[in-house]
Amino acid sequence: MDRSSLSSRSVQWAFLALAAGAWYLATATGSVSRLFLPPPREVFTALVALVQTNAFWSAVLVTASTVAKAYVLALIIGILAGYLVSRSKLAVATIEPVISGLFTIPITLFFPMFILFFGVGTGSKVAYGATYAFFPIALNTIAAFANMEQRYLLAAQSMGGNRWQIFRYVLMPGALPVLFTGLRIGFFICLASVLGGETISSVAGVGRNIALTAELMEPGRMFAWISFVVCMSVVLNLLAFSFENRIRAR
């Protein structure tokens, strides 16, 4: 691990420590009502009690399954569409701006449409998460393959490489760093979309439990659920960044 990585990691831990300290002081001094922000100890106690229940793991399993289905769907469609677009300069010039423009539209506006088409079950959340995750995956796939150095392709062709060999040994290794960035961003957008959909309209899942505890005015349990999501997201993001850095270092 180089000096820049250590410095970046130190800043991250310092920020987390500062945030935790501010949280403690805000609740200890009474600056913020316990109704809106319970003390860290209360949230930790609620989280420990929560993870010991079957209901907690059932909700986590529902959300994890929904995210997995949505993400796999987004991967297949996003990578395939992005690769096909990247093969034509005309398609890149005409279709990529359209995808970029659609990505800027708040997709939350269309969530009622997903409920109308797929119901309040997991189907609407799968479609919702897959749709939103499609955009960064497709855009990064286009960028990864369309911006490939032509001299590498020409060199591979001059050496007698067939299409599969060129794709495997030239295109994929060169595109992987940019492509993986899109996969990482797409995953967390998918996760956020599914959780957001569950809080709006769902019968099960982590998001549904966050919304339910808010409705029941149980801030300790609500923040316990939120803390679990935050911790898992941070851990997954760190793992993804670490893997991405290894790919770029090759």
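The values are calculated or read from the model by the stated rules, or taken from the named source; none is laboratory data. These figures come from a predicted structure and were not determined experimentally. FYI the Cβ positions are ideal-geometry reconstructions off the backbone, even for glycines, and counts take in every protein chain you see.
A few remarks follow.
- Enumeration of residues in region 203-250 that are without any contact (Cβ under 8 Å) to a residue 40 or more places away in the chain, in a helix (DSSP H, G or I) and charged (D, E, K, R): GLU215, ARG246
- Qualifying residue in region 194-202 (condition: at pLDDT below 90 and not in a helix (DSSP H, G or I)): yes
- None of PHE118, PHE134, PHE145, PHE111 is at pLDDT 80 or above, surrounded by fewer than 17 Cβ atoms within 10 Å (Cβ to Cβ) and of a type outside the set (D, E, K, R) except PHE118.
- Figure legend. Inter-residue proximity from region 34-53: first residues modelled with pLDDT of 85 or more, second residues among the charged types (D, E, K, R), beta-carbon distance below 8 Å, spacing 6+ or different chains. Indicated pairs: GLU42/ARG34; ALA46/ARG221; LEU50/ARG221.
- Condition check for SER124: modelled with pLDDT under 95, surrounded by fewer than 20 Cβ atoms within 10 Å (Cβ to Cβ) and either among the polar types (S, T, N, Q) or part of a helix (DSSP H, G or I) (or both): no
- Residue check for GLU244: acidic (Asp, Glu), in the same structural domain as PRO106 (by TED's automatic domain parsing) and touching a Phe, Trp or Tyr at 6+ places or on another chain (Cβ under 6 Å): yes
- Scope region 212-250; condition buried (at least 17 other Cβ atoms within 10 Å of the Cβ) and closer than 22 Å to ALA130 by Cα; matching residues: VAL229, ALA240
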